[in-house]
1. Would you confirm, using the coordinates I've provided, whether LYS52 is free of Cβ contacts under 8 Å to residues at least 12 places away in the same chain and among the basic types (Lys, Arg)?
2. Among the residues of the stretch 9-21, are any more than 23 Å from LEU95 (Cα to Cα), in a helix (DSSP H, G or I) and without any contact (Cβ under 8 Å) to a residue 60 or more places away in the chain?
3. Which residue is surrounded by the fewest Cβ atoms within 10 Å (Cβ to Cβ), if the candidates are limited to the stretch 66-97 and must be in a helix (DSSP H, G or I) and charged (D, E, K, R)?
4. Quick one: which of THR24, THR100 is in contact with a Lys or Arg (Cβ under 6 Å, 6 or more places away or on another chain), assigned to a helix (DSSP H, G or I) and not charged (D, E, K, R)?
5. Given the structure, is LEU72 modelled with pLDDT of 90 or more, outside the structural domain of MET38 (by TED's automatic domain parsing) and more than 15 Å from PHE13 (Cα to Cα)?
6. (1) farther than 22 Å from PHE19 by Cα; (2) assigned by TED's automatic domain parsing to the domain that holds PRO25: which one isn't true of ILE43, the others all being true?
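The values are calculated or read from the model by the stated rules, or taken from the named source; none is laboratory data. Because the structure is predicted, anything quoted here is derived from the model rather than measured. Virtual Cβ from ideal backbone geometry, glycine too; neighbours counted across all protein chains shown.
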Amino acid sequence: MSIVYAILAMILFGSCVFFYKQGTPFFSTGLGASVFIMSHMIILTVLALVEKTKLDMKHLKFLVIGGVLGGLAQVCWFLALKHGKLSTVVPIRNLALLVTIALGVIFLAEKLTLLKTIGIILGLIAVILVSI
């Protein structure tokens, strides 16, 4: 099921970026990013209320740190979309997977196989070719 969710996320993220790009020229960075995040908040608040999950205060710091980093990333993302071409900034932004993989290998002891390493190298080459 995780693959299905990942494919849906890929389609939704790809589509949302297209619409996000359409609105960026007409709003300041702060307002545009705020509207974007508030739109997320509406959906996520409804989901949180439906799930009725207790908040684990011991691990809340990870969500807060992730939220702060995500907010800063949204500001940078908004500026990149506002001033750049989709075909250039989207592949570069999607290199975030390299940061995630590195953090997983370093801090979570995840395995970096030869096949994954080859995939990372091919992904880097693809991003370079698509972005130029």
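1. Criteria met by LYS52.
2. No, because not a single residue in the stretch 9-21 is more than 23 Å from LEU95 (Cα to Cα), in a helix (DSSP H, G or I) and without any contact (Cβ under 8 Å) to a residue 60 or more places away in the chain.
3. Applying the first criterion (in a helix (DSSP H, G or I)) to the stretch 66-97 yields 66-83, 86-93, 96-97.
Adding the requirement that they be charged (D, E, K, R) leaves 82, 93.
Working: LYS82: 18, ARG93: 16.
The selected residue is ARG93.
4. THR24
5. Numbers: modelled with pLDDT of 90 or more: yes; outside the structural domain of MET38 (by TED's automatic domain parsing): no; more than 15 Å from PHE13 (Cα to Cα): yes.
It is false that LEU72 is modelled with pLDDT of 90 or more, outside the structural domain of MET38 (by TED's automatic domain parsing) and more than 15 Å from PHE13 (Cα to Cα).
6. Failing condition for ILE43: (1).
Per-residue answers, yes or no, for (1) of a type in the set (A, V, I, L, M, F, W, C); (2) surrounded by 11 or more Cβ atoms within 10 Å (Cβ to Cβ):
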| residue | (1), (2) |
| --- | --- |
| ILE7 | yes, no |
| CYS16 | yes, yes |
| TYR20 | no, yes |
| PRO25 | no, no |
| GLY32 | no, yes |
| SER39 | no, yes |
| VAL46 | yes, no |
